[in-house]
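Notes for the one structure printed next.
The values are calculated or read from the model by the stated rules, or taken from the named source; none is laboratory data. None of these values were measured; they are calculated from a predicted model. Because the Cβ atoms are built from the backbone with ideal geometry, glycine has one as well, and the counts that use them run over all protein chains shown.
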């Protein structure tokens, strides 16, 4: 039995170690990338570092809280969590509560609370809601017209409110994760493809009508034609990422962070890591994220109930899809979406929500452990019983 306990301890430790390493890398990288802009804008080189440390502390408390909580209570609470999320998103377009930064209204400024991003909370809220809804329809045809319509309305409402921000990156993330969860739950691939196609067409129309995101597409396709304008950020990201080579210029030695690279401490943090720590540093970060994905999917696969399995799958995919969107934009594989890198970019709401979501993974895994131990115990008892019977027969 001690071997079983040690096995599960090690299993938890792998996920926890990857998370804590990313958090530490994030704190160090944010200080390196932000001390110049912190001193220029706030006369405090430690401005962003201090904020990140505070949010990390709150996020770790959230992770611990959800880890010890029974995740199954989230299922009956999911409609209320979803309604609360929608209300918060509506507040981003309400003039008295909305807070605009760089032309985007993605933040809410309420009395007695620091400004926060409701779209970050909505990512986890919709995962919890969809996991509960799909698990409640276990054994039913989730590909029916009624089920597909309900799914589209739910995801579409949240996506529409987020897009009003405007926030293309989070909209893409939510639709991708929701579609993947729908497929994992047993939906036919044809339905998922149809939903994905309609989502892409809708997003394309919004970009054309509102003009939002058009400059990002232009900079992706022809950044070199306007290096001082639409293509500036794209090119500076590539310069930073490519300057590090194999081993990097050294921690703290980035040149692009000195007011060449926009959002060096937020969306562009991986480019600074690449410049300072090189290909080796970027590879380490990617390996840590892949570790979280694999451990999360293992938890999803071992979960004894469909709600836990879908919830673990959704959380794991939320993190890795966000990583892919961020890295894709920085490497010019896809247009820039403005989405942060989980646990590495600045952003208190994103960090707290991500760490809390990982706490839910620990909670799901905690419920698996006793069941596996009991199965092992039963198997051991059967083996001992068979050995006893064989010994008696031999006499």
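Listed here are the residues, each with its yes/no results for (1) out of contact with any strand residue (DSSP E or B) (no Cβ under 8 Å at 6 or more places or on another chain); (2) assigned to a helix (DSSP H, G or I); (3) modelled with pLDDT under 75.
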| residue | (1), (2), (3) |
| --- | --- |
| 186 | yes, no, no |
| 194 | yes, yes, yes |
| 207 | yes, yes, yes |
| 215 | yes, yes, yes |
| 235 | yes, yes, no |
| 246 | yes, no, no |
| 251 | yes, no, no |
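Name the residue that is farthest from residue 308 (Cα to Cα), counting only residues in the range 66-89 that are exposed (fewer than 13 other Cβ atoms within 10 Å of the Cβ) and in contact (Cβ under 8 Å) with a residue 60 or more places away in the chain.
For the range 66-89, the residue satisfying everything is 68.
Hey, can you tell me all the residues within the range 150-182 that are farther than 9 Å from residue 119 by Cβ and not in a helix (DSSP H, G or I)?
Of everything in the range 150-182, those that are farther than 9 Å from residue 119 by Cβ and not in a helix (DSSP H, G or I) turn out to be 164, 166.
Kindly indicate the residue of the range 341-358 that is part of a helix (DSSP H, G or I) and more than 17 Å from residue 126 (Cα to Cα) and also modelled with the highest pLDDT among those meeting that condition. Talk me through it step by step, then tell me what you get.
As a first pass, look at the range 341-358 and keep what is part of a helix (DSSP H, G or I): 348-358.
Right, trim to more than 17 Å from residue 126 (Cα to Cα) and you get 348, 351.
Details: 348: 88, 351: 94.
Going through the qualifying residues, I end up with 351.
For the range 87-123, how many residues meet the condition of being part of a strand (DSSP E or B) and farther than 19 Å from residue 352 by Cβ? Break it down into steps so the answer makes sense when it comes.
Taking the range 87-123 and keeping what is part of a strand (DSSP E or B), we get 98-101, 104-108, 116.
Subsequent filtering for residues that are farther than 19 Å from residue 352 by Cβ retains 98, 100, 104-105.
Matching residues across the range 87-123 total 4.
Go through the range 264-291 and report how many residues are in contact with a helix residue (DSSP H, G or I) (Cβ under 6 Å, 6 or more places away or on another chain) and surrounded by fewer than 24 Cβ atoms within 10 Å (Cβ to Cβ).
5
Tell me the residue from 155, 184 that is within 30 Å of residue 95 (Cβ to Cβ) and within 21 Å of the chain's Cα centre (by Cα), please.
Testing whether each residue is within 30 Å of residue 95 (Cβ to Cβ) and within 21 Å of the chain's Cα centre (by Cα) leaves just 155.
Residue check, residue 375 against (1) over 18 Å from residue 20 (Cα atoms); (2) surrounded by 17 or more Cβ atoms within 10 Å (Cβ to Cβ); (3) modelled with pLDDT under 90; (4) out of contact with any helix residue (DSSP H, G or I) (no Cβ under 6 Å at 6 or more places or on another chain), all met but one. Which one?
Among (1) over 18 Å from residue 20 (Cα atoms); (2) surrounded by 17 or more Cβ atoms within 10 Å (Cβ to Cβ); (3) modelled with pLDDT under 90; (4) out of contact with any helix residue (DSSP H, G or I) (no Cβ under 6 Å at 6 or more places or on another chain), residue 375 violates only (2).
What number goes with the only condition from (1) touching a helix residue (DSSP H, G or I) at 6+ places or on another chain (Cβ under 8 Å); (2) over 20 Å from residue 33 (Cα atoms); (3) at pLDDT 90 or above that residue 369 does not pass?
Result: residue 369 passes all but (3).
When the range 48-59 is examined, which residues are found to be surrounded by fewer than 19 Cβ atoms within 10 Å (Cβ to Cβ) and either over 26 Å from residue 158 (Cβ atoms) or in contact with a strand residue (DSSP E or B) (Cβ under 9 Å, 6 or more places away or on another chain) (or both)?
50, 51, 53, 54, 57
Is it true that residue 126 is free of Cβ contacts under 8 Å to residues at least 60 places away in the same chain, surrounded by 20 or more Cβ atoms within 10 Å (Cβ to Cβ) and either under 22 Å from the mean Cα position of the chain (by Cα) or not in a helix (DSSP H, G or I) (or both)? I'd like the intermediate steps shown before the answer.
On the way: free of Cβ contacts under 8 Å to residues at least 60 places away in the same chain: yes; surrounded by 20 or more Cβ atoms within 10 Å (Cβ to Cβ): yes; either under 22 Å from the mean Cα position of the chain (by Cα) or not in a helix (DSSP H, G or I) (or both): yes.
In short, yes.
Can you name the number of the only condition in (1) in contact (Cβ under 8 Å) with a residue 60 or more places away in the chain; (2) surrounded by fewer than 22 Cβ atoms within 10 Å (Cβ to Cβ); (3) not in a helix (DSSP H, G or I) that residue 298 fails?
Every condition holds for residue 298 apart from (3).
Okay, residues lined up against (1) within 23 Å of residue 262 (Cβ to Cβ); (2) in contact with a helix residue (DSSP H, G or I) (Cβ under 9 Å, 6 or more places away or on another chain); (3) at pLDDT below 90:
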site: 57; (1), (2), (3): no, no, no
site: 105; (1), (2), (3): yes, no, yes
site: 122; (1), (2), (3): no, yes, no
site: 129; (1), (2), (3): no, yes, no
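Has the range 90-99 got any residue that is out of contact with any strand residue (DSSP E or B) (no Cβ under 7 Å at 6 or more places or on another chain) and in contact (Cβ under 8 Å) with a residue 60 or more places away in the chain?
For the range 90-99, residues out of contact with any strand residue (DSSP E or B) (no Cβ under 7 Å at 6 or more places or on another chain) and in contact (Cβ under 8 Å) with a residue 60 or more places away in the chain: present.
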